[in-house]
Structure formats: C-alpha cells, structure tokens
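Engineer: Structure incoming, see below.
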Amino acid sequence: MTFICDVNVSGGAPRILTGFSKVRNMGIFSFFRKGNKKQAIVEAVAHGAMIVDVRSAGEFQSGHVAGAVNVPLPEVESHFSKWAAAGKTVVFCCASGIRSGTASKKAVNAGLTAFNGGGWQSLNQRLKG
C-alpha cells in the first residue's frame with residue numbers, strides 16, 4: 001500500500017490518502033500513526049527522497065529548495081518510470097502546493113511513493129529545521 005501525504009505546509013489541515021499499492025518502508029511511516037505528516041516529509045528527504053519542483057524553469061531559477069530538481073508539471077509524468085525503476089520516493093513542491101498536489105496524485109496513481117510538500121518556501125524552512 002502506498003501512502004500519499006497531502007500536506008499544505010503553509011497552513012491548513014494535512015490529510016493522508018491511502019488505498020494504493022507498494023509501500024516502501026524506509027522507517028518514515030511511523031509518523032503517519034502519530035499524525036505528524038509534515039515530519040514524515042522531512043524524514044523521507046533525510047532517507048533519500050528526491051525533491052522535485054514542478055514550477056516553470058523561470059520560477060525555479062528565482063529560488064528553490066537546495067538539492068531540488070526542476071521538472072515542470074507538464075513534463076513530470078515522463079519521469080515516473082525512471083523514478084520507479086530507481087525506487088525513488090518523491091517529494092513534490094511548487095509555489096503554493098496546488099501543482100505539487102496534482103503531481104503527487106499522478107505519481108501515486110503511477111505506483112510511486114510520493115508526497116505533496118506544498119509551497120517550496122515553506123518546505124525549505126521545514127527542511128532547514
């Protein structure tokens with residue numbers, strides 16, 4: 001079962017959507033039981049999850065999370081098979097969390113373990129801790 005953690009890190013109630021396939025147990029899922037979804041994203045990154053910023057190249061160049069890769073939302077699905085083959089967990093971010101939410105839902109539907117990290121600035125602050 002794959003979990004998608006849909007977290008609006010700039011506010012709002014986090015929620016977990018379940019019922020998918022393929023859990024990748026990296027020790028991060030204990031946070032789901034404790035209800036700390038934002039911390040689960042931090043743990044996923046600490047355990048090697050890749051951060052994918054789905055904003056345009058221009059938006060990405062104006063600022064982004066350190067270590068993030070830029071794959072604009074219209075191109076993101078073309079990378080799913082490569083990430084799945086590498087066993088990658090993916091944390092998506094964007095400007096506000098809307099595009100990253102779309103990307104994370106598509107990724108989960110494709111069989112990936114994915115998180116909606118929300119807006120890149122909030123995600124960046126959370127990762128710096």
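Engineer: Whole-Hz Karplus ³J(HN,Hα) for the range 112-129, in order, using 6.51 cos²θ - 1.76 cosθ + 1.60 and θ = phi - 60°, x for Gly and Pro?
Structural biologist: Karplus-based 3J(HN,Hα) across the range 112-129 equals 8, 8, 9, 10, 8, x, x, x, 5, 5, 5, 4, 4, 4, 5, 6, 6, x Hz.
Engineer: Continuing with the same structure: Would you please name the GluC sites (Glu not before Pro) within the range 54-127 that are DSSP coil residues with at most 11 other C-beta atoms within 10 Å of their C-beta?
Structural biologist: none
Engineer: Straight distance only, please: which lysines reach the Cα of K37 with their own Cα at less than 25 Å, same-chain residues fewer than 8 apart left out?
Structural biologist: Output for K37: K22, K88, K105, K106, K128.
Engineer: Taking H as built 1.01 Å from N, whose amide H comes closer than 5 Å to the amide H of T113, not counting residues under 5 places away?
Structural biologist: V90
Every number in this text was worked out from the coordinates using simple rules, so none of it is lab data. Note that this is a predicted model, so its numbers are computed, not measured. Methodologically, a virtual Cβ is constructed for each residue, glycine included, from the backbone with ideal geometry; neighbour enumeration extends over all protein chains shown.
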